[in-house]
Amino acid sequence: MKKFVKYSLYGLTYVIVIFFLAVMFIVTAKADLVKPNNGIKPYQVVKIQLTGLMNNDIPNKNSGIEQTWEFAHPSNKKYTGPLSKFVNLLKSESYNMLLNHLESEIIEVFKTNDKYGFEVIVLGNDKNYYKFQWIVEKYYNDGPLKDCWLTTSVSSPVSLESSI
């Protein structure tokens with residue numbers, strides 16, 4: 001009988017540890033969004049945004065759009081916000097090729113001390129390529145975004161040839 005109790009306790013301990021690890025995994029799977037900081041370079045800003053949009057509904061619905069919103073410059077947010085309006089904008093026919101796209105390429109086209117321009121080519125789910133002009137600027141106002149690189153504009157897409 002003592003062995004039964006001993007092994008039952010081991011089994012119960014094992015189940016509790018597994019349950020605890022599962023809960024921890026679920027909590028970390030819903031990881032926080034990457035927040036702007038002055039250590040993130042302009043190219044990385046665009047990469048973070050595109051990676052989020054490529055995996056838009058992972059780990060949560062529209063989390064990629066939310067990630068992109070995090071790196072939108074306040075002046076850009078005036079025209080595209082609030083977040084619910086930004087979600088609708090990205091789901092519109094004008095920009096929906098960015099959501100769950102298959103691949104992307106980022107090419108630096110110009111840079112100054114406080115502004116970078118990138119050409120972004122995206123392969124959409126429809127197997128067509130699209131080109132965007134992506135502008136990232138340094139934010140100089142006081143506050144938590146001071147000295148962070150943030151997206152000030154993304155052009156309308158230009159449709160390129162089909163990948164097929």
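Where a number appears in this text, it was derived from the coordinates with a stated rule and is not lab data. These figures come from a predicted structure and were not determined experimentally. Note that we place each Cβ from the backbone using ideal geometry, even for glycine, and neighbour counts take in every protein chain shown.
Could you line up 149, 134 from fewest to most neighbouring Cβ atoms inside 10 Å?
In increasing order of surrounding Cβ atoms, one gets 134, 149.
Summarising the label geometry, the points placed 7 Å from Cα in the beta-carbon direction at residue 100 and residue 83 lie 2.1 nm from one another.
Working ranking of peptides 112-123, 68-79 by packing, defined as the average number of other Cβ atoms within 10 Å per residue, highest first, is 68-79, 112-123.
Which of 61/91; 77/138; 78/111 have a Cα-Cα distance over 19 Å? Listed pairs above 19 Å: 78/111. Less than 5 angstrom separates the built amide H of residue 100 from those of 54, 55, 56, all sequence-distant by 5 or more or on a different chain.
Here the gap between residue 109 and residue 156, fully extended at 0.36 nm per residue and compared with their Cα-Cα distance, gives a gain of 15.2 nm. Residues whose amide H falls under 5 Å from that of residue 128, counting only those 5 or more places apart or on a different chain, are 163, with hydrogens built in the peptide plane.
Scoring 101-108, 40-47 by mean Cβ neighbours within 10 Å over their residues and listing the highest first yields 40-47, 101-108.
Starting from the Cα gyration tensor of segment 47-115, take the square roots of the eigenvalues, sort them a ≥ b ≥ c, and report rounded, prolate or oblate (rounded when a/c is under 1.5, otherwise prolate if a/b is larger than b/c, else oblate). Verdict is oblate for segment 47-115.
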